[in-house]
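Enquirer: Dropping the structure in here first, questions after.
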Amino acid sequence: MKFTEPALLLFSGGQDSSTCLFWAMENFSSVRVLCFDYGQRHSKEIDIARTIAKNAGVDFQLLDTSIIANLSANSLTSGYIEMDKEKPNDSTYPNTFVAGRNLLFLTFAAVIARSHGIRHIVTGVSEADYSGYPDCRDTFILSANTSINLAMDEHFKIHTPLMWKNKAQVWQMADELGVFDLIRYQTLTCYNGIVAEGCGKCPACELRNKGLSDYLSSKTDC
């Protein structure tokens, strides 16, 4: 379904949000992207996001949310905490989980969207193929959407085009949007700040590269 209204996209310059950028450009009258400086391990992702947005011809805004890095201990905002190499058991979360991040991001995004007269918000979270983060679940997004609308007396609609897609399906989506090579070679998903295929060892790289392998294999089989 295409909309005649603009959208605001939460944007990091990674595989998922970059795929969502081009999906949003196909489905909304215009797109504005919002990038967060939240004290992440490397600032390169901000530079990548800015470049992709510029080349796509969309408005880019960077918001300082570095206070997030001071709220909890995790390996994404601290260079002193080594990332989990194995997936934790079902009762714990990986130490790459930044508690409250997506709730804060969506709240900030809604405030900024409101100031621009935008009611559609797009985010690239996925429940189908993720690292165990509770704030990537569909139930969280639905709840956050309701709470933000009540808090601001607005009618925002949060769109999650990747919610039920695994990484292979995200690669397929990028291919169908005509940006497969851009997503493959210009985006930054790696937790260690290495563009494209990344370090190949962190959880984000493992998900991304396995999805790519699965998608390329499926194309070969067809």
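Enquirer: Once phi is turned into θ = phi - 60°, what whole-Hz ³J(HN,Hα) does the Karplus curve with 6.51, -1.76 and 1.60 give for every residue of segment 102-116, x standing for Gly and Pro?
Expert: With coefficients 6.51, -1.76 and 1.60, one gets 5, 5, 5, 4, 5, 5, 4, 4, 5, 4, 5, 4, 4, 5, 9 Hz.
Enquirer: Sort the following peptides by mean Cβ neighbour count (other Cβ atoms within 10 Å, averaged over residues), highest first: 53-66, 157-170.
Expert: In decreasing order of mean packing, 53-66, 157-170 become 157-170, 53-66.
Enquirer: Roughly how many nanometres apart are two label points built 7 Å out from the Cα toward the Cβ at ASN55 and SER143?
Expert: Calculated label separation equals 3.8 nm.
Enquirer: While we're looking at this one, here's another question. How high is the FRET efficiency from GLU5 to SER217, r the C-beta distance, R0 30 Å, rounded to 0.05?
Expert: Once rounded, the FRET efficiency stands at 0.20.
Enquirer: Related question: Using 0.36 nm per residue, how much length does the chain from ILE112 to LYS157 gain when fully extended, once their Cα-Cα distance is taken away? Display every interim value, and only then the final one.
Expert: On the way: separation 45, 0.36 × 45 = 16.20 nm, distance 1.40 nm.
Full-extension gain reported as 14.8 nm.
Enquirer: Packing-wise, with mean Cβ within 10 Å as the measure, how do 192-200, 147-155, 30-38, 12-20 rank, highest first?
Expert: 12-20, 30-38, 192-200, 147-155
Enquirer: Peptides 121-127, 184-190: what's the order by average Cβ count within 10 Å, highest mean first?
Expert: Packing order, densest peptide first, comes out as 121-127, 184-190.
Enquirer: Here is a further query. LEU150 to THR65: FRET efficiency via 1/(1 + (r/R0)^6), r the Cβ-Cβ distance, R0 30 Å, to the nearest 0.05?
Expert: 0.85
Bear in mind that the values in this text are calculations on the coordinates, not laboratory data. Just so we're clear, the structure is a prediction, and the values are computed from it rather than from any experiment. A quick note on method: Cβ atoms are made from the backbone with ideal geometry, for glycine too, and the neighbour counts reach across all protein chains shown.
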